[in-house]
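Engineer: Handing you a structure now.
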Amino acid sequence: MSALRGDLHIHTCLSPCADDDLTPVSAVGLAKLAGADVVAVTDHNSARSLPAAKAAADAYGILLLPGVEVNCAEEIHLLCYFRDVDTALRFGGALYDALPDFPYDPAIWGRQLVTDENEAVTGEVEKLLTGAVTLTLAETARLCRSMGGVPVPAHADADSYSLFSVLGGWPMDADFDLFEVKFPDRAEKLIRAGILPDGKPVLTNSDAHTLDAVASRMSTLEDGNPLLALL
Ligand SMILES: [Zn+2]
Ligand SMILES: [Zn+2]
C-alpha cells in the first residue's frame, strides 16, 4: 500500500473533555472533507464511538483506523490501534473494568455520550473515562499487541500525560515501533538529544476535542509504517 494521509488522534462526544457536538460521524466527515485518506477516532479509555465512526467511514468512503487513547497507570497516554472495531471494543471493555469506580458528575467533568450512525444519543458512560486504568504502560502495550494491535505513545514530547513529562524520555525497555509528537520543533530537539529515539516513524495529529480542530494536523503513513498493516 502506498503512503496514506490522515488525522489519527481525534476525540468525540464520548470523551468528557470533548465538545458534545463532536460526534463520531462529524469527526469522520470533517476528516473526509479535509482530504484525509484515513481517520482514527481515539477516545479516552473507550471504543464506544467506533461503531458509528465505522458506519460513517463506510458511507463517506474513507478508511477508519479503530483506536483508543489509554490513560495508563503512570498517567501516560498510549494510543492503541486495531484492525477492526470489534477488537477495539473488546479492548475497551478490559479498560473499563480497569477504571476506578468513583462518583462521576457530568456537570463537573462533562458528558460521555454514546451516539449512533444518525448522531442520536443512545447512552451515556457511567465511569469517568479520563481516569487512569490500573494497567501500566507496559501492561497496556502487551494487551494491545496480544489483540493484534499497535501501541503508539501519544504526544510523547508534551508537557503532560507523556513519556517526556512523566518519565523524562523514552523508557529504556520500551519497544514501540513509532510514536506521536505534539510540537515537531521540540520533538526534533529531543530526538537529537537522544531523549526520544531516532529513525522511527513519527505521527503528528490534531488530538481534536472540538469540531474546528479535526484534521488541523495530519500524519503521513509511509511504506513500512506498522499502522498500514492494520488497514
Ligand atoms: Zn492525550
Ligand atoms: Zn487525545
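The values are calculated or read from the model by the stated rules, or taken from the named source; none is laboratory data. Since this is a predicted model, take the numbers as computed values, not measurements. Cβ: placed from backbone, ideal geometry, glycine included. Neighbour counts: every protein chain shown.
Engineer: Counting only residues that are within 16 Å of ligand 1 (Cβ to nearest atom), without any contact (Cβ under 8 Å) to a residue 40 or more places away in the chain and farther than 18 Å from residue 155 by Cα, how many does the range 39-57 have?
Structural biologist: 0
Engineer: Oh, and also: Residues that are modelled with pLDDT under 95 and surrounded by 18 or more Cβ atoms within 10 Å (Cβ to Cβ): find the strands (runs of 3 or more DSSP E) completely inside the range 32-87 holding 2 or more of those. Step through it out loud before you land on a result.
Structural biologist: Numbers: elements: 38-44, 67-71, 77-81.
Hits in the range 32-87: none.
This table checks each residue for (1) within 16 Å of ligand 1 (Cβ to nearest atom); (2) more than 16 Å from the chain's Cα centre (by Cα); (3) surrounded by 24 or more Cβ atoms within 10 Å (Cβ to Cβ).
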| residue | (1), (2), (3) |
| --- | --- |
| 7 | yes, no, yes |
| 15 | yes, no, yes |
| 20 | no, yes, no |
| 28 | no, no, yes |
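Engineer: Please pick out the residue among 212, 185, 159, 198 that is within 16 Å of ligand 1 (Cβ to nearest atom), modelled with pLDDT of 95 or more and among the acidic types (Asp, Glu). Write out each step before concluding.
Structural biologist: Working: 212 fails: within 16 Å of ligand 1 (Cβ to nearest atom); 185 fails: within 16 Å of ligand 1 (Cβ to nearest atom); 198 fails: within 16 Å of ligand 1 (Cβ to nearest atom).
Result of the check over 212, 185, 159, 198: 159.
Engineer: Still on this model: Restricting the search to the range 61-71, which residues are away from ligand 2 (no atom under 13 Å from the Cβ) and under 20 Å from residue 133 (Cα atoms)?
Structural biologist: Once the filter is applied, which keeps residues that are away from ligand 2 (no atom under 13 Å from the Cβ) and under 20 Å from residue 133 (Cα atoms), the range 61-71 yields only 66.
Engineer: Scan the range 118-125 and give yes if some residue there is within 15 Å of ligand 2 (Cβ to nearest atom), more than 15 Å from residue 143 (Cβ to Cβ) and surrounded by 18 or more Cβ atoms within 10 Å (Cβ to Cβ), otherwise no. Full working, then the answer.
Structural biologist: As a first pass, look at the range 118-125 and keep what is within 15 Å of ligand 2 (Cβ to nearest atom): none.
No, there is no match, as no residue in the range 118-125 is within 15 Å of ligand 2 (Cβ to nearest atom), more than 15 Å from residue 143 (Cβ to Cβ) and surrounded by 18 or more Cβ atoms within 10 Å (Cβ to Cβ).
Engineer: Before we move on, is residue 159 of a type in the set (Asp, Glu) and over 27 Å from residue 181 (Cβ atoms)?
Structural biologist: On the way: of a type in the set (Asp, Glu): yes; over 27 Å from residue 181 (Cβ atoms): no.
When the stated conditions are applied, residue 159 does not pass them.
Engineer: Does the range 177-195 hold any residues that are farther than 19 Å from residue 221 by Cβ and outside any helix (DSSP H, G or I), and which are they?
Structural biologist: Listed by number, the residues that qualify are 183, 193, 194, 195.
Engineer: Among the numbered conditions (1) away from ligand 1 (no atom under 16 Å from the Cβ); (2) more than 17 Å from residue 31 (Cβ to Cβ); (3) surrounded by fewer than 16 Cβ atoms within 10 Å (Cβ to Cβ), tell me where residue 190 comes up short.
Structural biologist: Here residue 190 meets the rest and fails (3).
Engineer: Another one. Within the range 4-31, count every residue that is not in a loop (DSSP other than H, G, I, E, B) and not hydroxyl-bearing (Ser, Thr, Tyr). Spell out the reasoning first.
Structural biologist: Step one: of the range 4-31, the residues not in a loop (DSSP other than H, G, I, E, B) are 4-10, 24-31.
With not hydroxyl-bearing (Ser, Thr, Tyr) added as a condition, the list becomes 4-10, 24-25, 27-31.
Within the range 4-31, residues that are not in a loop (DSSP other than H, G, I, E, B) and not hydroxyl-bearing (Ser, Thr, Tyr) number 14.
Engineer: Can you tell which of 158, 132, 174 is outside any helix (DSSP H, G or I), free of Cβ contacts under 8 Å to residues at least 40 places away in the same chain, among the aliphatic types (A, V, I, L, M) and crowded, with 17+ Cβ neighbours inside 10 Å?
Structural biologist: Working: 132 fails: free of Cβ contacts under 8 Å to residues at least 40 places away in the same chain; 174 fails: crowded, with 17+ Cβ neighbours inside 10 Å.
Matching residue, one of 158, 132, 174: 158.
Residue by residue, here is whether (1) in contact with a helix residue (DSSP H, G or I) (Cβ under 6 Å, 6 or more places away or on another chain); (2) under 17 Å from residue 116 (Cα atoms) holds:
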{"site": "9", "(1), (2)": "no, no"}
{"site": "27", "(1), (2)": "no, yes"}
{"site": "47", "(1), (2)": "yes, yes"}
{"site": "52", "(1), (2)": "yes, yes"}
{"site": "56", "(1), (2)": "yes, yes"}
{"site": "82", "(1), (2)": "yes, no"}
{"site": "91", "(1), (2)": "no, no"}
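Engineer: Collect the residues in the range 58-79 that are out of contact with any Lys or Arg (no Cβ under 8 Å at 6 or more places or on another chain) and more than 16 Å from ligand 1 (Cβ to nearest atom), keeping them in residue-number order. Let's see the steps before the verdict.
Structural biologist: As a first pass, look at the range 58-79 and keep what is out of contact with any Lys or Arg (no Cβ under 8 Å at 6 or more places or on another chain): 58-59, 63, 65, 67-79.
Within the range 58-79, 58, 59, 63, 65 qualify.
Engineer: Return the only residue of 160, 206 being within 16 Å of ligand 2 (Cβ to nearest atom), farther than 24 Å from residue 90 by Cβ, in contact with a Ser or Thr (Cβ under 7 Å, 6 or more places away or on another chain) and not hydrophobic (A, V, I, L, M, F, W, C).
Structural biologist: Details: 160 fails: in contact with a Ser or Thr (Cβ under 7 Å, 6 or more places away or on another chain).
Only one candidate qualifies: 206.
Engineer: Look through the range 1-29, keep the residues that are modelled with pLDDT under 95 and small (Gly, Ala, Ser), and return whichever of them is nearest to ligand 2 (Cβ to nearest atom). Working first, answer last.
Structural biologist: First pass over the range 1-29, keeping only residues modelled with pLDDT under 95: 1-3.
Now narrow it down to the ones that are small (Gly, Ala, Ser): 2-3.
Details: 2: 28, 3: 24 Å.
Per the criteria, the residue is 3.
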